[in-house]
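First up is the structure itself, then whatever we jot down about it.
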Amino acid sequence: MKKESTQADICLILEGTYPYVTGGVSSWTHRLITRLPEFRFHLLCLVPDEKPRAWAYKMPENVVGQTDVALSVLPSEVPTTPFQPQSTPRTLFSEIETFHHELLKGDTSGFPELYRQFEQSPDHKKLFHDLLTSRESWEILRKLYADQFHEESFIDFFWMWRTTHIPLFRVLSVPIPAAGVYHALSTGYAGMLGVMGHLSRQRPLLITEHGIYTRERRIEIALAEWIGGKTPEGGTIRPVNETVRGFWMRIFEQIGRIVYRHADPIVTLFEGNRTIEIREGADPEKIRIIPNGIDLSGMLPKQSRSPEEPRIVALVGRVVPIKDVKTFVQAARIVRDQESSVKFLILGPTDHDPDYYEECLELVRSLSLEPHLSFAGSVDLSRYYPRIDILVLTSLSEAQPLVIMEAGASGIPVVASRVGACEELLTGRTPPDRALGSSGLLTGVGSPHETALAILRLLRDPELSQRMGMTGRRRMDLFYKESDVFDAYRTLYKEKMAGWPE
């Protein structure tokens, strides 16, 4: 507990973001809190470990409490020796075993009763101890393996269980602070804490999904080479749902379904997310679309320059694989072969994946782009936007990119890969929005050639470029005002806080 002076109206539940990390979701969270000063917030922050952390933002006055939960750390009271004597009622272990077997069938309805038994434990640290080190917990693990996964490596199964259930048991052992509303910014473990608040305090839970947590975890697990190992020579290739990897995916899928079951409303940013959420088990009637917004007053317009000045094409984003910076670099080489005066900038932190950054630098050198393309690192973007002629986004995956909204607010035309909400942001979400026209060009994912052609089209057609820039500015002004976004959350909070305080 780092700060607590009064009871909160909103318990905001965050995993790996605010207040310790900067970036899209964290920035959005800080603005949400500061733009709604009439509400008191308690931050329930899921972090990987117990290292001291400094706030990346100035703490708002209306943050009245904070609790950090280290997901992957065992309490000091938990011994490392297995099969310690346990005091937890055997009925709870029986409930856990039944729940996991039902979970494999896709039935999550037993969670409220399971949590009720967790909540009744008088000693949460001792409960955590028993769940990890007692013979009863070992028997649950052994039976589940024997019944479902005996053709898989037991070591792989054991570490899957350990990796997913230490955070889960940690979350289930956390006392939930009182609040009028529980607001989780994802499903996953944060969403589970929200469900616990909803069940224990009988207060509403709402979630806001910027990206789809379950989908992101599924991709990570599918790409992780160390999970499940390789099929032995002569071995049988089984359906993924019968493998350790498949079970790992299903754990997050079913956690997502538990959260969707208890949350109302489920807020998402754009129609594409809504479609995925419905496919993942969300009730369509619960879903509300509240797109992100932007404060136009803080955005300076793009500067006009003489035809003799070099044009600047910029990618704004972290230098990490998901942003596919290499596609931008390769597109820059194609453009330079035809328009020699263009300068290219990459604006964003380079220290999030040092190996990938080095690979990008090597690609720049191999393509002889060093004099023409530069990495500026973390910068004050407000100083750069007025100088940018075209903004490019080559991401492999996005939710609703803030950089496209910032470019639109500055009157900059955009070239973006067709992922997430990029198409909505450039061509319109609703009929009145679409009637404005396009504010940029869309390309295929991972296509340097398409990206280069789109950049060249805008460079060679100044009238098109100017028209798209003006359309972007008008779109942001009419349909993506930040004040409208936080007014929507103000209304939502007031609606859900009926009867609070009691």
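A Cβ distance below 7 Å, combined with a sequence gap of six or more or placement on separate chains, defines the contacts here; from region 372-401, residues that are in the same structural domain as Ser447 (by TED's automatic domain parsing) reach residues that are among the polar types (S, T, N, Q) and in a strand (DSSP E or B) in the pairs Leu393/Ser417; Thr394/Ser417; Ser395/Ser417.
Considering Arg467, Arg473, which residue is assigned to a helix (DSSP H, G or I) and within 31 Å of the chain's Cα centre (by Cα)?
Numbers: Arg467 fails: within 31 Å of the chain's Cα centre (by Cα).
Sole residue among the options that is assigned to a helix (DSSP H, G or I) and within 31 Å of the chain's Cα centre (by Cα): Arg473.
For region 18-54, the candidate set comprises residues that are surrounded by fewer than 16 Cβ atoms within 10 Å (Cβ to Cβ) and modelled with pLDDT of 95 or more; within that set, the residue that is nearest to the chain's Cα centre (by Cα) is Thr34. Between a first residue in region 235-250 that is surrounded by 12 or more Cβ atoms within 10 Å (Cβ to Cβ) and a second residue that is of a type in the set (A, V, I, L, M) and modelled with pLDDT under 55, which pairs have beta carbons less than 7 Å apart while being 6 or more apart in sequence or on different chains? These pairs meet every condition: Gly246/Val240.
Filtering region 141-191 to residues that are under 30 Å from the mean Cα position of the chain (by Cα), not in a helix (DSSP H, G or I) and not β-branched (Val, Ile, Thr) leaves Ser173, Pro175, Pro177, Ala178, Ala179, Gly180, Tyr182, His183, Ala184, Leu185, Ser186. Checking each residue in region 6-44 for being in contact with a strand residue (DSSP E or B) (Cβ under 6 Å, 6 or more places away or on another chain), among the β-branched types (Val, Ile, Thr) and within 27 Å of Leu168 (Cα to Cα) picks out Ile10, Ile13.
What number of residues in region 437-464 are in a loop (DSSP other than H, G, I, E, B) and within 30 Å of the chain's Cα centre (by Cα)? Show your work before the answer.
The first filter runs over region 437-464 and keeps only residues in a loop (DSSP other than H, G, I, E, B), leaving 437-439, 444-447, 461.
The next check asks that each one be within 30 Å of the chain's Cα centre (by Cα); those that pass are 437-439, 444-447.
Qualifying residue count for the region: 7.
Given the condition charged (D, E, K, R), surrounded by 15 or more Cβ atoms within 10 Å (Cβ to Cβ) and touching a residue at least 40 places away in the same chain (Cβ under 8 Å), answer yes or no: does some residue in region 156-166 qualify? Within region 156-166, one or more residues are charged (D, E, K, R), surrounded by 15 or more Cβ atoms within 10 Å (Cβ to Cβ) and touching a residue at least 40 places away in the same chain (Cβ under 8 Å).
Looking only at residues that are more than 30 Å from Gln202 (Cα to Cα) and of a type in the set (A, V, I, L, M) in region 473-502, which one is surrounded by the fewest Cβ atoms within 10 Å (Cβ to Cβ)?
Within region 473-502, the subset more than 30 Å from Gln202 (Cα to Cα) is 473-483.
Still in the list and also of a type in the set (A, V, I, L, M): 476, 478.
Numbers: Met476: 26, Leu478: 12.
Checked region 473-502; the qualifying residue surrounded by the fewest Cβ atoms within 10 Å (Cβ to Cβ) is Leu478.
Could you tell me whether Ser395 is of a type in the set (Gly, Ala, Ser), closer than 27 Å to Tyr213 by Cα and touching an Asp or Glu at 6+ places or on another chain (Cβ under 7 Å)? Step through it out loud before you land on a result.
Values: of a type in the set (Gly, Ala, Ser): yes; closer than 27 Å to Tyr213 by Cα: yes; touching an Asp or Glu at 6+ places or on another chain (Cβ under 7 Å): yes.
Considered against the rule, which asks whether it is of a type in the set (Gly, Ala, Ser), closer than 27 Å to Tyr213 by Cα and touching an Asp or Glu at 6+ places or on another chain (Cβ under 7 Å), Ser395 comes out as yes.
Looking only at region 462-472, decide whether some residue is modelled with pLDDT of 95 or more, over 30 Å from Val364 (Cβ atoms) and crowded, with 19+ Cβ neighbours inside 10 Å. Within region 462-472, one or more residues are modelled with pLDDT of 95 or more, over 30 Å from Val364 (Cβ atoms) and crowded, with 19+ Cβ neighbours inside 10 Å.
Being farther than 28 Å from Lys323 by Cβ and in a loop (DSSP other than H, G, I, E, B) holds for only one residue in Ala498, Ala488, and it is Ala498. Hey, among the residues in region 13-62 that are touching a Leu at 6+ places or on another chain (Cβ under 8 Å) and hydroxyl-bearing (Ser, Thr, Tyr), which one's nearest to Ile166 (Cα to Cα)? The residue in question is Thr17.
When region 267-294 is filtered for residues that are assigned to a loop (DSSP other than H, G, I, E, B) and charged (D, E, K, R), the ones remaining, listed by number, are Glu280, Asp283.
The values are calculated or read from the model by the stated rules, or taken from the named source; none is laboratory data. Note that the structure is a prediction, hence the values are computed from the model and not measured. Please note: Cβ atoms are built from the backbone with ideal geometry, for glycine as well, and neighbour counts cover all protein chains shown.
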